[in-house]
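First up is the structure itself, then whatever we jot down about it.
The values are calculated or read from the model by the stated rules, or taken from the named source; none is laboratory data. The structure displayed is predicted, hence computed values, not measured ones. Glycine also receives a Cβ, built like all others from the backbone with ideal geometry; neighbour counts cover every protein chain displayed. These area figures cover heavy atoms from the full protein model, side chains too; ligands, DNA and RNA do not enter into them. Shrake-Rupley method; radii C 1.70, N 1.55, O 1.52, S 1.80 Å.
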Amino acid sequence: MCGIVGYIGQNDTKEILLNGLEKLEYRGYDSAGIATLNNYGLHLFKAKGRIATLREKVDTTVASSIGIGHTRWATHGEPSEENAHPHQSSSGRFTLVHNGVIENYYELRDDYLSDVNLISETDTEVIIQLMEVLYNQYQDVAEAFRQTVALLKGSYAIALIDAEDQDTIYVAKNKSPLLIGLGEGFNVIASDAMATLKETNRYLEIHDKEVVLVNRNYVEIQKLDGIAVEREPYIAEIDAADIEKGTYAHFMLKEIDEQPFVMRKIIKAYQNQQGNIKLDASVEKAMLEADRIYIVAAGTSYHAGLIGKQMIERLANIPVEVHIASEFSYNMPLLSAKPLFIFISQSGETADSRAVLVRIKELGHSALTITNVPGSTLSREADYTLHLYAGPEIAVASTKAYTAQIAVLTILAVGTAKAKGMTLDFDPLQELAIVSSVMESLTDQKDTFQQIAIDLFTETRNAFFIGRGVDYFVAQEASLKLKEISYIQAEGFAGGELKHGTIALIEEGTPVIAIATQENVNYSIRGNVQEVAARGAKTCIFSMEGLHQDNDAFVLPQVHELLTPLVSVIPMQLLAYYAALHRDCDVDKPRNLAKSVTVE
Ligand code: F6R
């Protein structure tokens, strides 16, 4: 959460910073700011709200070739100009942007800053004031920076400039992402390479607890004791077109439409020359050695994990537990003798999941991360990684990463079953190819889903999604999609569970959307629909060809019964999209949220 960008070079900084922040807005968008430096001193611009508001406040006549910027998702202190970054030390000499949470903020304030008047409510201000106190002690900026960083506990990605030095940006990180982009006569800093792809595609990783001195012509990575570290850059494989909306009104709609292509990319990536599933031998071995699998994830990725459990148990015959990352440490289950942990995370940066990864690594267990960002923290710190190949997902509401997660979990389950010598009565890659065609036919029927969304959601304050078996898991995802972008109170329920209490909420006109793709529960879920209809609910059934009945709202083309979530979720995503659109909500950037949740 929060995005950082920095530039030091020959050109004017403002546009580079503002463009970069626009690309990072998915990380937080409640306030923003930039600081630039030239011979006339430091120029600070801040605004509450979006980058567009900041843009209006930036003085276009101020030119400079060094600067830092920040877009915020508030943790300490409300969204306001005062709490927006960059923050400054009391004398105004040092200016800083920060992403993360400083856990020893109170101790640092009490131990070092009793004489300093803090003006914001942020934990960040403590860092920059501490820097000034330590500079006064050491009289050396690089040394004071290293000493400051050494005192910080918690997560941070920071970039600092010194009003008396136009040649250096000081950078450090721990647990929060930050990269250095390399250019000719310039260098950039970014939370995500997407922000600075226009400038360069060559990047340097920074490891936790390293500091970096970034100059126009060189970059020096150091350990906290000042010892230099050598590291080779890598090329960021992101297509610039992937991070633009093109002709779409919203990234979410573009990403919904991309799902058939993502399926095909996944099929290609996990297929060998004989057309069979190809899994890394080390991943196969880890799966075969495990006596129980623990899937750990948050939000939409957790919902994909619920479906993954079914796949792995049914196809590979290994018991699986699925855990909400933020609860795992407090409700830690009794672990089996040979556990394997699977972390599912689009961003690979989710702090709740990372906290579990750190904990289980301390206990000596193995971990596999399934992520859309192979160089991410969860990927680097796990033993194995499976890539989602979904391309950058920019809308805050996850769509294509969810279906990619289910597809990769299917491949993992099938690959493991085959490695165990089990035979399957279907060709998984062939079935996934059918899924991709069905997805395409569904995304072509947007008008139908738009009309259903208008009928169901224009007036309502609440809605229920119900299903049984695997449809229940899709119902949970459907309700999350609807509530996060349209702000309609929605719940995903097991069809049979409503009558145990929640049915009391059903009133005349309450929308109840049932997903009915499974033969073994077709009659029982329809019975549940009757129960709510009898109490006035406005019901709507999404069924599957072969199981459908007259008056179903929509009949999904048939796919393999294990893969139905991949197609039944598409109308649900589109219902949420159109509900939000018709309620005038900000589809891509819903209130209070951020794409990459890097605080616990
Ligand atoms: C909802 C959504 C979130 C994320 C969750 C985990 O649309 O995107 O619920 O799924 O914050 O994020 P990742 O997958 O990046 O770990």
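So how much slack lies between R535 and Y487, counting 0.36 nm per residue of separation and subtracting their Cα-Cα distance, in nm?
Gain in length upon complete extension: 14.8 nm.
I'd like to know which of A478, V559, Y523 lies farthest towards the positive end of the charge dipole of the range 458-580, counting +1 on Cβ of Lys and Arg and -1 on Cβ of Asp and Glu.
Towards the positive end, the residue furthest out is A478.
Just to be sure I understand: of the beta bridges DSSP finds with both ends in the chain, what percent are antiparallel, rounded to 5?
So the antiparallel bridges in the chain amount to around 60 percent.
Counting only protein heavy atoms and using a 1.4 Å probe, what share of the accessible area of the chain belongs to carbon plus sulfur, as a whole percent?
On the chain, the fraction of accessible area on carbon and sulfur atoms equals 46 percent.
To the nearest 0.05, what FRET efficiency results for T448 and E78 with a Förster distance of 45 Å applied to their C-beta separation?
0.60
Could you tell me which chymotrypsin sites (Phe, Trp or Tyr not before Pro) in the range 115-219 are loop residues by DSSP with no more than 13 other beta carbons within 10 angstrom of their beta carbon?
Y218
How big is the chain by the Kirkwood estimate over distinct Cα pairs, in Å?
Computed over Cα pairs of the chain, the Kirkwood hydrodynamic radius comes out at 25.4 Å.
Give the accessible area for S437 in Å² (nearest 10); use a 1.4 Å probe, count only protein heavy atoms, and leave out ligands, DNA and RNA.
Approximately 70 Å² of S437 is accessible to the 1.4 Å probe.
So how much accessible area does C2 have, in Å² to the nearest 10, using a 1.4 Å probe?
Near enough 10 Å² of accessible area.
Restricting attention to the range 306-384, which chymotrypsin sites (Phe, Trp or Tyr not before Pro) occupy a DSSP loop and are surrounded by at most 16 other Cβ atoms within 10 Å?
Y330
Report the calculated FRET efficiency for R314 and A504 (r = Cβ-Cβ distance, R0 = 35 Å), to the nearest 0.05.
So, using R0 = 35 Å, E works out to roughly 0.50.
Out of the range 323-403, which trypsin sites (Lys or Arg not before Pro) are coil in DSSP terms and have no more than 12 other C-beta atoms within 10 Å?
In loop regions of the range 323-403 (DSSP not H, G, I, E or B), there are no sparsely surrounded trypsin sites (Lys or Arg not before Pro).
If you add up the charges near A337, with Lys and Arg at +1 and Asp and Glu at -1, over every other residue whose beta carbon is less than 13 angstrom from its beta carbon, what do you get?
It works out to a net charge of 0.
Taking only the C-alpha atoms, wrap a convex hull around the range 134-229 and report its volume per residue in Å³ as a whole number.
95
If you consider only alpha-carbon coordinates, what radius of gyration and Dmax does the range 386-480 have, in Å?
So, for the range 386-480, Rg and Dmax equal 16.8, 54 Å respectively.
Send over the semi-axes of the range 73-125's equivalent ellipsoid, whole angstrom and largest first, taken as the square roots of 5 times the C-alpha gyration tensor eigenvalues.
17, 14, 10
When the solvent-accessible surface of protein heavy atoms is calculated with a 1.4 angstrom probe, in what order do H548, H387 fall, highest first?
Ranked list, largest accessible area first: H548, H387.
Only helical DSSP H runs with n ≥ 4 go in: add -39500 (n - 2.57) per run for the chain, normalise by residue count and round the 222 nm mean residue ellipticity to 500 deg cm²/dmol.
-11000 deg cm²/dmol
Within straight cross-link reach of K245, meaning Cα distance under 16 Å, which lysines are found once same-chain residues fewer than 8 apart are removed?
By straight Cα distance, K245 reaches K23, K198, K254, K400, K589.
If you take every residue apart from I227 with its C-beta less than 12 Å away from the C-beta of I227, what net charge results, scoring Lys and Arg +1 and Asp and Glu -1?
Neighbourhood net charge equals -2.
Over the chain, give the accessible area per residue in Å² for a 1.4 Å probe, as an integer.
Here the per-residue accessible area is 39 Å².
Net charge within 14 Å of A63 by Cβ-Cβ distance, Lys/Arg positive one each and Asp/Glu negative one each, not counting A63 itself?
-2
Which one of F94, V141, L130 is farthest out on the positive end of the charge dipole of the range 77-157, using unit charges on Cβ (Lys, Arg +1; Asp, Glu -1) and the Cα centre as origin?
Of the options given, the answer is V141.
Any idea how far apart D111 and D550 come out in nm if each label point goes 7 Å out from Cα toward Cβ?
That separation, rounded to one decimal, is 7.7 nm.
Note down the nm distance, to one decimal, between modelled labels 7 Å out along Cα→Cβ at K153 and at H207.
About 2.4 nm separates the two model spin labels.
Helix by helix, which DSSP H runs in the chain go 20 Å or more along their axis at the Cα atoms and have an average Kyte-Doolittle hydropathy of 0.5 or more?
Both cut-offs are met by 400-419, 428-443, 564-582.
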